[in-house]
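What follows is one structure encoded as C-alpha cells, with my remarks underneath.
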Amino acid sequence: MLSRSCFNLLNLEDYICADRTRIPRVMTVPGIISDVDEATLNGDNNGGGGDHKSEEMETVSSSVNQERRIIVANQLPVKAYRKGDGEDGQKWCFDWDKDALVLQLKDGFPADVEVVYVGCLKVEVDPMEQDEVAQLLLEKFRCVPTFLPLDLINKFYHGFCKHYLWPLFHYMLPVTPSNGVRFDKSMWQAYVSANKIFADKVMEVINLDEDYVWIHDYHLMVLPTFLRKRFHRIKLGFFLHSPFPSSEIYRTLPVREEILRALLNCDLIGFHTFDYARHFLSCCSRMLGLDYQSKRGYIGLDYYGRTVSIKILPVGIHIGELESIKSSPETAEKVKQLKQKYEGKTLMLGVDDMDMFKGISLKFMAMGQLLDEHPEYRGKVVLVQIMNQARSRGNDIQEVQNEINRVASEINQRYGIPGYEPIVCVHGEVSTLDKVAYYSISECVVVNAVRDGMNLVPYKYTVSRQGCPNLDQAMGLSESTTQRKSVIVVSEFIGCSPSLSGAIRVNPWNIDDVADGMNSALKMSDAEKEMRHEKHYKYITSHNVAYWAKSFNQDLERSCAEHYLKRCWGIGFALGFRVVALGPHFRKLSVDHIVSAYNRSSSRLILLDYDGTMLPQDRVDKSPSDDVLALLNSLCSDPSNVVFIVSGRGKDPLSKWFSPCEKLGISAEHGCFTRWTKDFPWESSISTLDLEWKKIALPVMAHYTEATDGSSIEQKESAIVWHHQEADPDFGAWQAKDLLDHLESVLANEPVVVKRGQHIVEVKPQVLVF
C-alpha cells in the first residue's frame, strides 16, 4: 500500500508548464507516461499555471531577446504632483524619486537589461484618471501602478503591515490591547487581497520565459505564491529589508506557515545579516521540518525538489547620488550656515524616522547622562536630532512623539543656558541636501535603534565626512587636508552593525553604555578617528547599492539556471500551494497499465513498507487499522500473490500487529528476521549474533536520553536505535551528532556499524549492512 506522500505525488494534477525542452507525449516504456497531453501544454487546463498571455500583456512585453528585471515593491520610485491651471484643469505629473532604493539598484544590472517597476503611488488617484495615469507611467517611466482602494490600503498597509507585522518583526508582541494591535483576520485578508492585485499587475507585463522578478520587503510576502501558481517556472527573488525575528517570536503569528510557504515559493531569498537568515532557517526547520545545506559557499533549502537559495548581503548606498549633492553650491552654502549657527560647538547627529523602535528617547536620556557625568561638555556639545516623518499613523506614533518631546524638554531645561540647548530637534521634511550638510559638520553620528533591519545613516554619514573641494572650502579646511575623520556610535541591534567593524557598538537599552559610547567618541584622538573613517569608507564605497544589486542578480540567475531541466507539478490550494520539481527522467506510472499487468500475471511478489506507507509517519498509535488489515488479507487470499511487510521494526510488535493476517510474510529489522506466513518459524539471516557490544552502547545511549528531553531508545533483537524526533530540532540534531561520534569511538573495535538516519542514531551488526 502506498504512503500518503507517494499517493499525492502519483496522483498529481495532469498539468505541466509548457517549456522549450518538452518531450513529446509517447509511451517509451510500458506503463510509463512521458508527458502530459497536448491540450494541457497548449493552455487548455483550467487549473491555472499555464503561460497564457493576454493581448494587453503582449503590448507591453519586452522584445523577444531582451532581458528584463521586474522590480516589485510597495511603492513606486516616483514622486507625483498636480500641475497646471488651464481649461483642462490640473494634470498629474511625475518625477523620479532619486532617494528610492528600488530606483538606485538599477545601477547593478547590465546596461542592456530593461527595468520595469510595479507598485503603488504615494497619492490617491481618481478612478476616472487611473487609466491615463497608468499609460503615462508605463510609457515614460516603465512603471506599472497598482491602484488599491483606500479602505484596502488602510487595512493592508496601515493595519496589517505597519501595526501588526512591523512590530512583530521588531520583537514587539501585542501582549495587551494597549500594547500594539492583535491579529485581525480582516486585515490579513486585506493583506492577501493586496498581494493578489500586485500579482495581477506583474502578470500583465511579464515575459514568462525571459524576465526575472525581484520582490521587496514584508508588504509582499505572500506574492510569490500567487506568481508561482500562475507560472511554475517563474524566476523569482525576494529581499527582506526588515529584521526576521527568532522562531520564538515568529511562531506567535497565526498565519506563520502560510507566510513561510509563500517565501519558499521563491528561488532566492535575501537577508541583510546572518542573524536574520538564521532565524528564517530555524523557523523552516521547526515549523515545516526543513533542513538546509551549505555547499560551496551557498545556503540552500530543499523544498519539494526545488532548491531555495538563501542570500546574505547588507544593502549599500548610492555613492554617486551623495557625491553629486556634496559638490553642489547649495550644499556648501548650507554648510556655511550651519557652521556659523553652531560655531564653537561640537555636534553629534541623529537621523531617525519617527518610530517606536528608533530609540530616540533613550538616546536623549544618554545625552542627559553624559552631561551629568561630564560637566565639561555643557555648553559645548550639541545633539542634533533630525526626525523624519512617520511612515504610519496611530496612537503609538503620538505616544512616541510625546515621550521624545518630554525627555528633550527636561534635559534642555536642566542643562541649557541662554544661547545653548544640548538637544536640538529638527522636525518636518528635511531634504537630502540638508542632511548631507548636517553630516558634514558633525563630529559623531549616533544610531541608537532598539531594533532596525539595516539603517543606512552611518553609511551616508561616512561618505559625507569624506568631503570634497566644495565642502572643504565651506568648512574652512585647507587644500592640503587629506586625512578625514568620523566616529559612529551604533546600536548592536541593527543590520548595519556587523559591517561597521570600526564603530563603537552599544546596547541602546543600557543608558550608561550609550553615554560611555558618546564620551568615547568625543574624547577619541584624531588619529584613531581617521583610521576608523578610512576603514569604513573603503567598505562602504566598495559595497554600494550597485554591488548589492549585482550580487543578488547574479545569485538569482544561478538559482534559476536549472528551471527547464526539471518537470514541475503544482499541488495544494490557496496559500498552501507549492511546486513539486522532479528530475527530467521522472515519468508518472500509468495506473491502467499496472492493473492490466497485474491481471495478466500468474505469480506476483508484493513488498510493502510499513511506517510512512501502511500508516502516516506522525501517527501516535503505530498499529495497523482494520482497513489496512482487511486490504492485506484480500491481497493474501489470492494464491498468485506473495505479500511481505518489510520494516525496520522488531519481530515481536510486527507479529502482534499482523496476527490477523495468517498468510502475510514479514521481514523484520531490515531483513534480519523473516517469516513467510504466520505458521512458519522465524528465520535469521545470520547464524549467530554477537551482542556483547550492546553492553557498551546501551549505557552511552541512556546517558544521551537522560540529557535530551524528548528522546528515547528502541531496543531490537539485533540493533539499538536512539530516536530524537520528539526532541527540540536543533538540540536533538546536536546531540545526535555528538552521540554518533561517541559511539563510533567506543565501538571502534566491535563488529558493528553506527549510522545516523532521519531523527535516529542506530547501532547494528556489520553483517547487516548491504
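The values are calculated or read from the model by the stated rules, or taken from the named source; none is laboratory data. All values derive from a computational prediction rather than experimental measurement. Heads up, the Cβs are rebuilt from the backbone with ideal geometry, glycines too, and the neighbour counts pull from every protein chain shown. Heads up: the accessible areas ignore ligands, DNA and RNA and are worked out on the full protein's heavy atoms, side chains in. Shrake-Rupley method; radii C 1.70, N 1.55, O 1.52, S 1.80 Å.
Values as computed for the structure displayed
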| quantity | calculated |
| --- | --- |
| Cα-based shape type of segment 345-446, given that a ≥ b ≥ c are square roots of the gyration tensor eigenvalues and the cut on a/c is 1.5 | oblate |
| Contour minus Cα-Cα distance for residue 547 and residue 125 (0.36 nm per residue) | 148.4 nm |
| Amide hydrogen neighbours beyond the local backbone of residue 505, cut-off 5 Å, H modeled | 490 |
| Amide H contacts of residue 317 (H built 1.01 Å from N, under 5 Å, at least 5 apart or other chain) | 545 |
| The chain, accessible area per residue, ligands and nucleic acids excluded (1.4 Å, Å²) | 47 Å² |
| Principal axis dimensions, largest first and in whole angstrom, of segment 274-322 by Cα | 46, 21, 17 |
| Bridge type composition, segment 598-745 - antiparallel percent by DSSP, nearest 5 | 45 percent |
| Stokes-Einstein D (µm²/s) once Rh is taken as the Kirkwood radius of the chain over alpha-carbon pairs, at 10 °C in 1.306 mPa s | 52 µm²/s |
| Cβ-based charge dipole, the chain, positive-most Cα from 212, 681, 742 | 742 |
| Solvent-accessible ranking of 492, 403, largest area first, probe 1.4 Å | 492, 403 |
| With all protein chains modelled, accessible area of residue 601 [1.4 Å, Å²] | 40 Å² |
| Residue-span extension gain [residue 656 to residue 413] - 0.36 nm each, minus C-alpha spacing | 79.1 nm |
| Amide H contacts under 5 Å for residue 241, placed H, 5+ residues apart | 217, 218 |
| The chain - charge dipole about Cα centre, Lys and Arg +1 at Cβ, Asp and Glu -1, debye rounded to 20 | 700 debye |
| Distance from segment 694-770 to segment 425-482 (C-alpha centre basis), Å | 59 Å |
| Relative packing of 457-467, 106-116, 242-252, which averages over residues the other C-beta atoms within 10 Å, highest first | 457-467, 242-252, 106-116 |
| Virtual spin-label span in nm between residue 703 and residue 96, 7 Å along Cα→Cβ | 6.6 nm |
| Cα-based helix-to-principal-axis angle, 511-523 vs the chain, degrees rounded to 10 | 50 degrees |
| Residue-by-residue Karplus 3J(HN,Hα) for segment 548-565, coefficients 6.51, -1.76, 1.60, Hz, glycine and proline x | 4, 5, 5, 5, 5, 4, 5, 5, 5, 4, 5, 5, 9, 4, 9, 4, 8, 9 |
| Mean ellipticity per residue at 222 nm, deg cm²/dmol - from DSSP H runs of n ≥ 4 across the chain, formula -39500 (n - 2.57) | -11000 deg cm²/dmol |
| Per-residue HN-Hα couplings for segment 423-432 [Karplus 6.51, -1.76, 1.60; θ = phi - 60°; Hz; x = Gly/Pro] | 10, 10, 9, 10, 9, x, 6, 10, 5, 4 |
| 3J(HN,Hα) from dihedral phi, segment 272-278, Karplus parametrisation 6.51/-1.76/1.60, rounded to Hz, x for glycine, proline | 6, 10, 5, 4, 5, 5, 4 |
| Charge dipole (the chain, unit charges on Cβ, about Cα centre) - positive-most of 191, 77, 149 | 77 |
| Distance between modelled label sites at residue 717 and residue 524, nm, 7 Å Cα→Cβ extension | 7.3 nm |
| Which of 599, 586, 650, positive extreme of dipole for the chain (C-beta unit charges) | 650 |
| Rounded tilt (10° steps) of 329-341 against the dominant C-alpha axis of the chain | 70 degrees |
| Shape call, segment 652-770: gyration tensor on alpha carbons, a/c limit 1.5 | oblate |
| Percent antiparallel among DSSP beta bridges (both partners in the chain, rounded to 5) | 45 percent |
| Potential lengthening between residue 599 and residue 618 on full extension [0.36 nm per residue; Cα-Cα distance subtracted] | 3.4 nm |
| Within the accessible area of the chain (1.4 Å probe), percent carbon and sulfur | 50 percent |
